[in-house]
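The values are calculated or read from the model by the stated rules, or taken from the named source; none is laboratory data. Since we're looking at a predicted model, the values are computed, not measured. Here the Cβ positions follow ideal geometry from the backbone for every residue, glycine too, while neighbour counts run over all protein chains shown.
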2 protein chains.
Amino acid sequence: MTTAGINRTGARAGRAAAEARKARGERTRQAILEMAVNVASAEGLEGLTIGRLASELSMSKSGLFAHFGSKEELQLATVEAAREIFIRQVVRPAFEAEQGLARTWKLCDVWLRYVKEEVFRGGCFFAAAAAEFDGRPGPVRDRVAEVMKEWLATLRRSIAEAQGAGQLDGDADPTQLAFELNALEMGANWAFQLYGDRQAFGRARTAMLERLRRHSTRSGSAFLPQAGRGRRRAQSVRGEVQR
Amino acid sequence: MTTAGINRTGARAGRAAAEARKARGERTRQAILEMAVNVASAEGLEGLTIGRLASELSMSKSGLFAHFGSKEELQLATVEAAREIFIRQVVRPAFEAEQGLARTWKLCDVWLRYVKEEVFRGGCFFAAAAAEFDGRPGPVRDRVAEVMKEWLATLRRSIAEAQGAGQLDGDADPTQLAFELNALEMGANWAFQLYGDRQAFGRARTAMLERLRRHSTRSGSAFLPQAGRGRRRAQSVRGEVQR
DNA sequence: TTTCAAAACGAACGTTCGTGCTATATTGGG
DNA sequence: CCCAATATAGCACGAACGTTCGTTTTGAAA
């Protein structure tokens, strides 16, 4: 049995060449974390058990364990892996939009897509991790809090930049606005995870646009999708969420 | 040792007389659930272990276990107990306000207070439970979802009543508005649990009032607290959250 | 005071948890 | 082609998990 099917990932040109240069263990580690991140988003970082994870990857508990040295280290590595995925799937795409209101909106839009397209099996990894660890002091909690603070700061900065560009009212409070946008995101995530309610995304989108439009200047509102009330959103980049 | 301090709750007149009529086991059961609800709100319904709970109450695992028959039954009973506390602490007080916009606002206001005053050790019990169980099918998940749906329905109905009374625009969508208010609540809970950020309550309050005011008619806005921008809220009932 | 069901206990079950230790494969560089 | 390094497996551990069982304690009715 061993690590069958993990390392031997069809050696297809370019990508494979780059991976071949990586140490064997590094590839296994990555495979572990990819699985870990998905299990954790659905079952929680504590429900992420080493034995379960090992059997799901057809490897031994001890073999897997050796990569991390402790469960807490595994959890921290999982958080880090999730952060990288989040950056790749949400932050990076949003930063392709030009600085200002366009980017602010895209940060919201792509976040909603990231939950809807189920980048993680259990919805937003960090919303889940935050709820699980907010009552348990320790490095994991601290790191999760840090990462979410990063996200909120990104949101806030983008709003401030929109203000600087004269696209948003100067009297709008970026912290307040970022708080509201974030809350709406978490509300959509909650509704989708608990009820499978896809309409929640539309509702969050509507509310976010309302907030942004309310504070946007005449020149700024051009950076938001047309007011078209309908549910169909033909705006926003078509590009699929890349795996 | 035994159940010291649990059953023998200082036999002080009236209340005690009523409790004396209750079966002995019933009182113990209640004491268990009171503790369970607090542990669960902080450590999660799964982290709520029978052994831990027993030792925290200075009773034996088996003695405690006998009250429920299974862990799942204990979890369900805990959810039910939390629901009753929520109703007593949030819904009931809000329903003292007259039907319409006044009550809608009070539902929001008293919910924020319920988190701020730490009615549960780990913040909103249901926000935590929903995040924990949204990925684990079963009776517990179902019940949690039901209870939260109740809450959202209450919010929505109150909004609709405010519309009926001509206090809110007829074109405001109660479902949309309820979604937004709920999201803001969960956002405030998140910020407070993860960062201890008390300002989040003010931010949520501001945003909620903004939403309500935006849709309120001339006659309706009288039911919302004065616009006073400041952080100090002298409005709203003074009554302490009763234990 | 006696009686008896309800309630609480203590010990043990089989699992699974995280974590060590030791031995065996596997692998890339000389 | 071999060797040192690394990666993985195997096995065992103590603790804690939910659960079962037979016994003892308790308190209210008779």
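Details
Results for (1) farther than 24 Å from B:GLU132 by Cα; (2) buried (at least 16 other Cβ atoms within 10 Å of the Cβ), shown as yes or no for each residue.
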residue	(1), (2)
A:ALA40	no, yes
A:GLU56	no, no
A:LYS61	yes, no
A:LEU64	yes, yes
A:LEU112	no, yes
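- Matching residues, segment B:1-46, being of a type in the set (D, E, K, R), modelled with pLDDT of 50 or more and closer than 19 Å to B:GLU84 by Cβ: B:LYS22, B:GLU26, B:ARG27, B:ARG29, B:GLU34
- Within segment A:205-221, the only residue that satisfies the criterion of being touching a Phe, Trp or Tyr at 6+ places or on another chain (Cβ under 8 Å) and facing chain B (nearest Cβ under 9 Å) is A:ALA207.
- Listing of helices (runs of 4 or more DSSP H) fully contained in segment A:93-177 that carry 1 or more residues being away from every other protein chain (no Cβ under 12 Å) and at pLDDT 95 or above: A:101-116, A:139-164
- Looking only at segment A:43-79, and only at residues there that are touching a helix residue (DSSP H, G or I) at 6+ places or on another chain (Cβ under 8 Å) and within 14 Å of chain B (Cβ to nearest Cβ), the one that is farthest from DNA strand D (Cβ to nearest atom): A:VAL79
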